[in-house]
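Data first, discussion second: the structure below is written as structure tokens.
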Amino acid sequence: MPIIKDPHLFNEQSLFVDLEGVLGCRLYLKIEGFNFAGSIKLKPAREMVERAEREGLIGPGSILVESSSGNLGVALSMIAASKGYRFLCVIDPRCNPATRQFMESLGAQVDLVTEPDPVDGFLGARLNHVRDLCASNERYIWLNQYTNPGNWGAHYRWTAPEISNQFPELDVLFVGAGTTGTLMGCARYFREHRPNVRIVAVDAAGSVSFGGQPATRLIPGLGMSVRPPQLDESLIDDVVMVEELDTVRACHRLAAAGFTLGGSTGTVVHGGMSWLADHNAQDLTAVAISPDMGRPYLDTVYNPDWVHDHFGAEALATADLAGAPGRRYDPVSGPQHPAPVTVAGYIATAH
């Protein structure tokens, strides 16, 4: 067990879940939510802050600032608190309330933009607000995850090698596309070291990253309302677009098996399942990346009223959840009540 002094120095790197018993297809899920920030965004947050420190960009009185849909904001809030920096995060209404509260509990200032930019949506409005802050005072230091090479560099340095080491026979990797930092870092690593691995990007319907038409998106994490500056499509073999209803259903299907994971995970898992089915690829070794855990989504993705209001009464039909194909069950005839056990009996059976 490691002993640490700073919260960003711990991150579980080698946890994978075999989803075949849940989904009925061979798919491994890399779990990235077990760290003090709760998501994969700890990696680029750490890399970008340390890069800024090395370059001498952060000085006395500096205020780190970033636009975030949530997870990166939490990671930067945590690192700033640990290092004694001030941090301001610019969010929009899609940010989960629990995520905002998490940032504020760490001492971050949170600015909420309430009106989307007429052309570039809420992301455009967040970026405009960041630019205005930086123009108003030189103390603001914008890390800029959208162009900062530390974003994709963190995943080239850590995430991709972690997957490669665990799966020497890897055939296909499914990666969600937001800023495309994770996607580009992994794609660059595998192109250089294992070019036979297929890289499949998974994006949310309504995102414009790969040339689609913009549309309202409710679940934060994946998708962009402007083309990601770091995206290099030549490094990607395929793209899968996922409707948000399918994201919700995938999340609930995983939760029915005991795995409560974040919205982006539902998107990537559904995209991976769809791609494997379309390519009749049951025998391939496939891995998908799960960016975060499900707790911040209890008021949205896992709230039946929220799902009903946004997707309708049939969104979480039984057949799509607990009765999903591939799920293993041990049927019981009725309610099961364990027989009482004495202390002596418990001790005896324990040995």
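The values are calculated or read from the model by the stated rules, or taken from the named source; none is laboratory data. Computed from a prediction, not measured in an experiment: that's the story for all the values here. Every residue, glycine as well, gets a Cβ built from its backbone with ideal geometry; the counts of neighbours run over all protein chains shown. In case anyone asks, the SASA skips ligands and DNA or RNA and just uses the protein heavy atoms, side chains included. Shrake-Rupley method; radii C 1.70, N 1.55, O 1.52, S 1.80 Å.
Relative contact order of the chain, please, whole-number percent, based on alpha carbon pairs below 8 angstrom and at least 6 residues apart. Mind showing how you got there, number by number?
Numbers: 639 pairs, mean separation 65.8, N = 351.
Once normalised by length, the contact order is 19 percent.
Radius of gyration and Dmax for region 195-327's Cα atoms, expressed in Å?
Reported Rg and Dmax, both Å: 15.1, 45.
How large is the accessible surface per residue of region 1-155, computed with a 1.4 Å probe and reported in Å² as a whole number?
44 Å²
List residues of region 268-282, by number, whose backbone nitrogen lies under 17 Å from a label position 7 Å along Cα→C-beta of ASP171.
Taking a point 7 Å out along Cα→Cβ of ASP171, the residues of region 268-282 whose backbone N falls under 17 Å are 272-282.
Please report the carbon-and-sulfur percent of the accessible area for region 1-90; probe 1.4 Å, protein heavy atoms only, DNA, RNA and ligands left out.
Here carbon and sulfur together make up 52 percent of the probe-accessible area.
Calculate the all-directions average of the projected area of region 1-153's alpha-carbon convex hull, and give it in nm².
The number I arrive at for region 1-153 is 11.6 nm².
Cβ under 12 Å from PRO116's Cβ, PRO116 left aside: what net charge do those residues give with Lys, Arg +1 and Asp, Glu -1? Mind dumping the intermediate values first?
Numbers: positive: ARG94, ARG126, ARG217; negative: ASP92, GLU115, ASP117, ASP120.
Surrounding charge for PRO116 is -1.
Mind putting together the pair-distance distribution for the chain? All Cα pairs, 10 Å bins, whole percent per bin, short to long.
5, 24, 33, 23, 10, 4, 1, 0
When the accessible area of region 148-271 is split by element with a 1.4 Å probe, what percent falls to carbon and sulfur?
For region 148-271, the apolar C and S fraction of the accessible surface comes to 46 percent.
Please compute the per residue accessible area over region 224-281 with all protein chains in place, 1.4 Å probe, rounded to a whole number of Å².
37 Å²
Report, to the nearest 10°, how far helix 42-54 tilts away from the longest principal axis of the Cα atoms in the chain, using its own Cα long axis and a range of 0 to 90°.
That helix lies at roughly 20 degrees to the long axis.
Net charge within 9 Å of LYS83 by Cβ-Cβ distance, Lys/Arg positive one each and Asp/Glu negative one each, not counting LYS83 itself?
So the environment of LYS83 carries a net charge of -2.
Taking the Cα centre as origin and putting +1 on Lys and Arg beta-carbons and -1 on Asp and Glu beta-carbons, what dipole magnitude results for region 1-135, to the nearest 20 debye? Could you put the intermediate results ahead of the total?
Numbers: 14 positive and 17 negative charges, 59 e Å.
Rounded to the nearest 20 debye, it is 280 debye.
Would you mind checking region 265-289 for residues with the amide N under 12 Å from a putative spin-label position 7 Å along Cα→C-beta of GLU20?
Label zone hits: 282-286.
Using a cut-off of 13 Å between alpha-carbon atoms, which aspartates and glutamates can reach LYS43, once sequence neighbours fewer than 8 places away in the same chain are excluded?
GLU12, GLU32, GLU162, ASP292
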